[in-house]
Amino acid sequence: MTTDTAPYPGTPPTPAADAAPAPRAPRIITGKAPARPTAAAAVHSVSAATTVLLGLVGIGAMLHEPVLIPPLAASAALVHSAPALPLAQPRGVLLGHLLGAAVGYGVLAAAGGSAWAAAVAAGLTLALLITARTPHSPACATAVVVVLQSPDPVRFVPLLFGSTVLLVLTGYAGSRIRRKAPRYPAYWW
C-alpha cells in the first residue's frame, strides 16, 4: 500500500492544504548593464545636473561660502540620471544629508576630526539611513566632510538643506520639461 497522494504514479505528491507555502526562489541577477539612454535623455540629464551644480557654485560665490561639496554632486547625479531609484527620492536626499551632517557633528564632538572618526561617522550614518528608511549613499560622504572639514554648523546646515531642496526641485522641474523623461519623484516622502 502506498501513501503517495500524487494524481499519477511517479509524479511528486501534491502539498496538503495546511502545509506552509514553498519558499520563493531567489531572484536571478542576469548581470546585464542597464540599457543605454537615448542621446536626448543623456544630454537632458547631464545638462540638468550640470546646471544645478553651477547654480550651487554661483550661490556659494555670492555668499563667499563653499556650497558645492562632493556629496551634493553625487546627489545631483542620482536625481538627474536615475530618478526612479530609491536613492534619488526626496526623502533620502533631504533627510539623508541632514542625518549625515548630524552624525558628522556628533562624531566630531566626541572623537575629533581624524580619518578614523570620519570612517566611523560614515558607518553610523549608513546605519541610521537604513533604520530611518532613507537610502542615500552620498549622505555618508556628508558625514565624512563634516568630520574632516569641521564647517561651522550655523552656516553649513542651512546651506546644505537649501542645496538639497534645490536639487530636488530641479529634479522635479527637469522631469516635467522633457516629455519622455521618467517622472521625478517616484514618491515624495
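The values are calculated or read from the model by the stated rules, or taken from the named source; none is laboratory data. Keep in mind that what you see is a predicted model, and the values were worked out from it rather than measured. Using ideal geometry, Cβ is built from the backbone for each residue, glycine included, and neighbour counts are taken over all protein chains shown. For accessibility, only protein heavy atoms count, side chains too; no ligands or nucleic acids. Shrake-Rupley method; radii C 1.70, N 1.55, O 1.52, S 1.80 Å.
Things to note:
- Meets criteria (out of contact with any strand residue (DSSP E or B) (no Cβ under 6 Å at 6 or more places or on another chain) and surrounded by 13 or more Cβ atoms within 10 Å (Cβ to Cβ)) for A127: no
- Matching residues in segment 145-174 - criterion: being surrounded by 14 or more Cβ atoms within 10 Å (Cβ to Cβ) and free of Cβ contacts under 8 Å to residues at least 60 places away in the same chain: V146, V147, L148, Q149, S150, P151, P153, F156, V157, Y172
- Residues considered: A109, A84. Of these, the only one that is among the hydrophobic types (A, V, I, L, M, F, W, C), surrounded by fewer than 24 Cβ atoms within 10 Å (Cβ to Cβ) and modelled with pLDDT of 95 or more is A109.
- Among the helices (runs of 4 or more DSSP H) confined to segment 34-123, there are none with at least 3 residues that are closer than 19 Å to Q149 by Cβ, within 18 Å of the chain's Cα centre (by Cα) and among the β-branched types (V, I, T).
- Single residue of segment 49-58 satisfying the filter (under 12 Å from S163 (Cα atoms) and in contact (Cβ under 8 Å) with a residue 60 or more places away in the chain) that is most open to solvent (accessible area, probe 1.4 Å): G55
- Restricting attention to segment 166-187, the residues being in a loop (DSSP other than H, G, I, E, B) and either more than 16 Å from the chain's Cα centre (by Cα) or within 24 Å of V67 (Cβ to Cβ) (or both) number 8.
- Cβ pairs under 7 Å, 6+ apart, first in segment 122-143 and under 10 Å from G96 (Cα atoms), second among the charged types (D, E, K, R): T134/R91
- Checked against the criterion of being touching a Gly at 6+ places or on another chain (Cβ under 8 Å) and farther than 22 Å from V46 by Cα, the candidates A181, A143, A110 yield just one match: A143.
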